[in-house]
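Each remark here refers to the structure printed beneath this line.
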Amino acid sequence: MTTRVETVVLGLLAERPMHGYDLLERFRQRGMGFWTELSRASVYQVLKRLEREGLVTGRSLEGRGGPDRRVFRITRAGRERLSDGVAEMSAALEPFETDAGIALGFAHLVPAASAKAVIEARERSLRDLLDAVRTELDRSAGLRDRGRTVSIAMLELQAALAETELAWLPSIRASAGSARR
C-alpha cells in the first residue's frame, strides 16, 4: 500500500527531478495544503526510504552559496508505485472525515449555548476556508504548468465541499435543537 506522502512525493517527482526543498515549494505553490498534509520531515524521510527501495534515485549537487543538495528523480519502479498508489487511493471507500464532523455529531449532547457556539464557530471556519481557497485560486489563476490545472480543480473541490457543508449546517442546527427536547 502506498502512503499519502509517498504518492505526493512520487507525483511531484514524476513531473521533474527536484531536491527536497523544491518539492516542498512546488507543493506550496500548487496550494496542495488545502487538500492534504505534508511536513518537511515526512518528505525527507520518504525520500530516503524511496531511494532505498529503488523508487527514486538521488545524486548530490554542490550547493552554490548554500549547502549541497540531493536531487531526486523517479525511476520506472517509482512510476509503477505512483500508478498503484493513485489507483488504490481513488478506489478507497473513505468518509469525508473531519474533526469538526466529530464535534458536530455530538453537538446535541452539550448545553444549547455550547452547541450554538460550536455550530457558529464551524460556520466561521468554513467561511474563512472559502476565503483562503478563493484567494489561492486568484493567486494561481495566471500560473500554468502540467499539474496546475489539476491543482485548481482540487481547490475548486475544497470550495464546493465547504459550500455544501455551509448549506447543510442549518440541518445540524435543527437536529441538535430537536434532540434536546
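Just so you know, all these numbers are worked out from the coordinates, no wet-lab data involved. Computed from a prediction, not measured in an experiment: that's the story for all the values here. All Cβ positions, even for glycine, are placed from backbone atoms using ideal geometry, and neighbour counts span all protein chains on display.
Here are the numbers for the structure shown:
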quantity	calculated
Reduced Cα scattering model of segment 1-159, Debye log10 I(q)/I(0), q = 0.11, 0.18 Å⁻¹	-0.58, -1.14
Helix axis angle, 20-29 relative to the chain longest principal axis, alpha carbon, degrees	40 degrees
Highest-first arrangement of 93-99, 105-111, where packing means the average Cβ count within 10 Å	105-111, 93-99
Relative contact order (percent, whole number), the chain, Cα cutoff 8 Å, 6+ residue spacing	25 percent
Helix-only mean residue ellipticity at 222 nm for the chain, each DSSP H run of n ≥ 4 adding -39500 (n - 2.57), per residue, nearest 500	-22000 deg cm²/dmol
Residue of Ala132, Ala14, Ala112 that the Gaussian network model of the chain assigns the largest fluctuation, springs spanning Cα pairs under 10 Å	Ala112
Rh (Kirkwood; distinct C-alpha pairs) - segment 99-179, Å	14.1 Å
Cα-based helix-to-principal-axis angle, 112-140 vs the chain, degrees rounded to 10	40 degrees
Percentage relative contact order, segment 99-179, counting C-alpha pairs under 8 Å, at least six apart	44 percent
